[in-house]
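Colleague: Mind looking over this structure? Questions follow.
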């Protein structure tokens, strides 16, 4: 499966904002956004003037795509699935991304980043309703049970990640037993529930793909 293997911090610098791709590092003084204000690359630093509508829409799409750690083809396929669902396409896009198994593993605090969550799933350390699932894009349904395998429970990275649960808990549409490393995807979140995504303007992405 294709994946981005370059520096994660470079993506944050390109968007000019924290995408929280490296877990604890993003909250520390080591964060690249805190150290380097400019976007990477000489050409990008030399750009001046007002951005075109297309440039604004493109940057919004890139930001959302990178937050959820998807490549262009994966993101585009998810978008077109969203267009076929009833309701607003932008909100449907968020709902599909939030239902992804790797995203839910991250939000349940079993991993410190979505990239690490994807690795946990790909390596077979995650069970859904008692069955091993190694597909990061697997879409969960309400009341699905997610748990870390017995082998996965021994991983130091999982134990370290769960410390965040004691600090900030989990989203209201999730339920987690940190001691048993088991969680429940209680419901599909609404757009208004995603308070950490309020700076994403999904309508710009809809306009970009509608051209």
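Coordinate-derived values only; no laboratory data. Quick caveat: nothing in here was measured; it's all calculated off a predicted structure. All Cβ positions, glycine included, derive from the backbone under ideal geometry; neighbour counts span all protein chains shown.
Colleague: Of 69, 112, how do they rank once you tally other Cβ atoms within 10 Å and put the fewest first?
Modeller: Values: 69 25, 112 22.
With the sparsest Cβ surroundings first, the list reads 112, 69.
Colleague: Pop the C-beta distance of residue 56 and residue 138 into the FRET formula with R0 = 41 Å and round what comes out to the nearest 0.05.
Modeller: Between residue 56 and residue 138 the formula returns 0.80.
Colleague: Could you sort 193-200, 115-122 so that the peptide with the highest average Cβ count within 10 Å comes first and the rest follow in order?
Modeller: So the order, starting with the most tightly packed, is 115-122, 193-200.
Colleague: For segment 96-189, what relative contact order do you get, as a whole percent, if you take Cα pairs closer than 8 Å and at least 6 residues apart?
Modeller: Details: 168 pairs, mean separation 29.3, N = 94.
Across segment 96-189, relative contact order equals 31 percent.
Colleague: Related question: Taking a ≥ b ≥ c as the square roots of the eigenvalues of the Cα gyration tensor of segment 101-185, is the shape rounded (a/c under 1.5), prolate (a/b larger than b/c) or oblate? Kindly include the intermediate steps, with their values, before the conclusion.
Modeller: Working: a/c = 1.39, a/b = 1.10, b/c = 1.26.
Note, shape of segment 101-185 comes out rounded.
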